[in-house]
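Visitor: Got a structure for you, questions after.
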């Protein structure tokens, strides 16, 4: 059996601009919003190149921190790895079961109950019906929503929706874990419980890819850093494990 891995070769992701009537204004607005580069596709249409010829490999044991300014391409890359976006060029090979914690409310139906939405989101995340049945009680208990799970989620507060999405999304055992920032949901007690679950998921995953602006978190969690600028990888650094760094300091003393 092949070990979990991700291989990207020459990946390009572009978003077309269909109306070029106000090109100069659009350039300014989209550059500020996305940080992408402007190019033309095969039909000479103006496009935003969100990812530009990315080449990388992720192997078992990698804990990768995706860093860079807003719009550098971090979230776009996560969405490509999760299958939400399709590259227009290049080759992507993903081996292993993928779990993505990107948008906790994706797949929810506001008119369905909390319990029904557990099944809807579970299916969207790639779980089989029997898997969801086996986990639904655990998900319900972790969410701490009680009888609210029988109500339509349009009656939920934003915090309750986050709890439901988090409990469902983190119930999946995965080999490759994709995260957009380290989530903080609910009150202090629930945040502690959620943070512990994320730690456990990260530790069990064969590969972790985490997009974040938190340098302290990268130092604590990650053993490799990919820095993106304007859709390109400008730095790929492997870090020493924190225990090795500490041991080196003690030896120096």
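What follows is calculated from the coordinates using simple rules that are stated; it is not laboratory data. These numbers come from a predicted model, not from an experiment.
Visitor: Taking Rh as the Kirkwood radius computed over C-alpha pairs, what is the Stokes-Einstein D of the stretch 43-123 at 25 °C in a medium of viscosity 0.890 mPa s, expressed in µm² per second?
Guide: For these conditions, the coefficient is 157 µm²/s.
Visitor: Further question: Could you give P(r) for the stretch 79-159, binned at 5 Å from zero, as whole percent values over all Cα-Cα pairs?
Guide: In whole percents, the pair-distance histogram is 3, 13, 21, 22, 16, 11, 7, 5, 2, 0.
Visitor: Next up: Run the numbers on the stretch 101-205 and let me know its relative contact order in percent, using alpha-carbon pairs under 8 Å that are six or more apart.
Guide: Computed over the stretch 101-205, the figure is 31 percent.
Visitor: Provide Rg and Dmax in Å for the stretch 101-205, with only Cα atoms included in the calculation.
Guide: 12.7, 36
Visitor: Could you work out, for the stretch 47-87, what percent of all Cα-Cα pairs fall into each 10 Å distance bin, beginning at 0 Å and stopping at the bin that holds the largest distance?
Guide: The calculated distribution, bin by bin, is 23, 58, 17, 1.
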